[in-house]
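The values are calculated or read from the model by the stated rules, or taken from the named source; none is laboratory data. Keep in mind it's a predicted model, so treat the numbers as computed, not measured. Positions of Cβ are generated from backbone atoms using ideal geometry, with glycine treated the same way; all protein chains shown enter the neighbour counts.
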Amino acid sequence: MLSAVVPCYDEEETLVALHERLSAACLDVCGNAHEIVLIDDGSKDGTWPLMLELAAKDPHIVLVRLTRNHGHQLALSAGLEVAAGDRILIIDADLQDPPELLSEMMTLMDEGADVVYGRRTQRKGEGVFKRATAAIFYRVLRRLVDIEIPLDTGDFRLMSRKSLDLLRQMPEQHRFIRGMVSWVGFKQVPLDYERDERFAGETKYPLGKMLALGIDAVTGFSTKPLKIATYLGFIFAVLALMGIVYTLLGWFYFETEAGWPSVMTTVLILGSLQLLVLGVMGEYVGRTFLEAKRRPIFLIDQVIRAGDVSQPAAVARDAARGTG
Ligand code: UDP
Ligand code: MG
């Protein structure tokens with residue numbers, strides 16, 4: 001059986017088209033042995049009522065409603081927890097990733113792959129800014145992290161149950177799922193595709209969220225920023241020492257009055273460096289703090305299967321497992 005998992009946040013404009021194309025692709029490849037897990041990530045528009053409507057018509061649909069907006073990566077995690085299939089397709093709601101690639105992905109998996117990930121050769125309809133930041137992001141990330149994370153790859157992928165079950169064992173709050181999947185290992189193969197334009201609506205990943213995802217990615221997989229902070233500390237300590245020697249010499253041998261600018265520069269440089277280093281440390285300390293609380297990573301309000309609307313139950317992560 002195949003599960004397609006689709007996190008949705010304010011996607012009322014795309015849902016019908018998404019369901020049409022995704023459902024056709026699933027029927028084509030797996031017949032009735034499929035489910036489509038739609039996660040409502042606390043949408044503020046008509047996404048949820050529309051989902052109920054779709055679910056009433058299509059018994060393959062499983063609905064998951066989160067209690068509030070948790071963000072893409074957590075919404076996806078909730079969906080992966082509920083998905084029951086032997087193979088799991090992760091796909092965005094906005095049809096940027098063509099569902100029709102499913103059959104090719106299935107073939108690659110038949111040939112022995114555990115993960116088939118979509119690799120974007122082109123990103124149509126996305127602004128220069130988005131493309132440039134994405135390109136820089138993936139390349140910086142590659143230098144910083146200790147594991148191999150494929151370039152230009154989002155969360156669009158087909159996973160085997162085996163690799164998903166290992167992924168699900170990772171309890172962390174700050175999730176960069178494509179990195180975590182890479183970390184799991186097994187045979188992972190790329191499938192090149194052209195990323196389409198968003199079918200409708202605006203991106204739900206504004207700059208702030210992209211930055212947050214980037215910081216999660218780096219801090220989740222690498223302690224290099226801490227090391228860089230240490231090196232910076234060393235370099236500036238040496239510079240400061242030279243500055244002190246220079247000042248003392250000046251004081252002894254020449255009657256300088258020129259103290260003011262040099263003091264100010266030193267103070268400013270050292271001050272900003274300290275803030276930078278503290279900030280980096282703070283990111284890690286903050287994450288340690290949040291992880292230490294061991295809170296559930298997402299909260300599900302309702303799971304609805306086969307059009308059965310009569311089972312409202314609020315569950316946290318562990319309880320969601322039982323329903324799978
Ligand atoms: N999404 C979500 N929660 C959020 C933000 C986004 O579930 O808080 C979903 C969104 O509905 C879409 C997917 O994540 O299905 C990717 O978002 P989007 O297409 O806006 O990102 P982009 O492709 O612009 O990077
Ligand atoms: Mg998109």
Assuming MET210 fulfils every condition listed in (1) at pLDDT below 85; (2) more than 16 Å from ligand 2 (Cβ to nearest atom) apart from one, which condition is it?
(2)
Exactly one of ALA93, ALA75 is assigned to a helix (DSSP H, G or I), within 16 Å of ASP10 (Cα to Cα) and within 16 Å of ligand 2 (Cβ to nearest atom), and that one is ALA75
Please indicate, with yes or no, whether at least one residue in the range 193-209 is within 16 Å of ligand 1 (Cβ to nearest atom), under 18 Å from ALA134 (Cα atoms), in contact with a strand residue (DSSP E or B) (Cβ under 8 Å, 6 or more places away or on another chain) and among the aromatic types (Phe, Trp, Tyr).
yes
Could you count how many residues in the range 1-15 are closer than 18 Å to LEU66 by Cα and β-branched (Val, Ile, Thr)?
2
I'd like the residue in the range 112-160 that is at pLDDT 90 or above, of a type in the set (Gly, Ala, Ser) and touching an Asp or Glu at 6+ places or on another chain (Cβ under 9 Å) and, out of all such residues, is nearest to ALA83 (Cα to Cα).
SER160
For the range 161-177, how many residues are under 20 Å from GLU104 (Cα atoms) and buried (at least 18 other Cβ atoms within 10 Å of the Cβ)?
2
Count of the range 185-214 residues which are in contact (Cβ under 8 Å) with a residue 40 or more places away in the chain and either more than 20 Å from TYR9 (Cβ to Cβ) or in a strand (DSSP E or B) (or both):
10
When restricted to THR288, THR230, the only residue closer than 30 Å to ALA134 by Cα, under 22 Å from the mean Cα position of the chain (by Cα) and not hydrophobic (A, V, I, L, M, F, W, C) is THR288
Could you go through the range 117-128 and let me know if any residue there is in contact (Cβ under 8 Å) with a residue 60 or more places away in the chain, assigned to a helix (DSSP H, G or I) and not β-branched (Val, Ile, Thr).
no
Restricting attention to the range 3-24, report how many residues are more than 14 Å from ligand 1 (Cβ to nearest atom) and buried (at least 22 other Cβ atoms within 10 Å of the Cβ).
1
For the range 96-108, which residues satisfy the criterion of being away from ligand 2 (no atom under 12 Å from the Cβ) and touching a residue at least 40 places away in the same chain (Cβ under 8 Å)?
PRO98, PRO99, GLU100, LEU101, LEU102, SER103, GLU104, MET105, MET106, LEU108
Qualifying residues in the range 77-120 (those that are of a type in the set (S, T, N, Q) and within 16 Å of ligand 1 (Cβ to nearest atom)) - the one surrounded by the fewest Cβ atoms within 10 Å (Cβ to Cβ):
GLN96
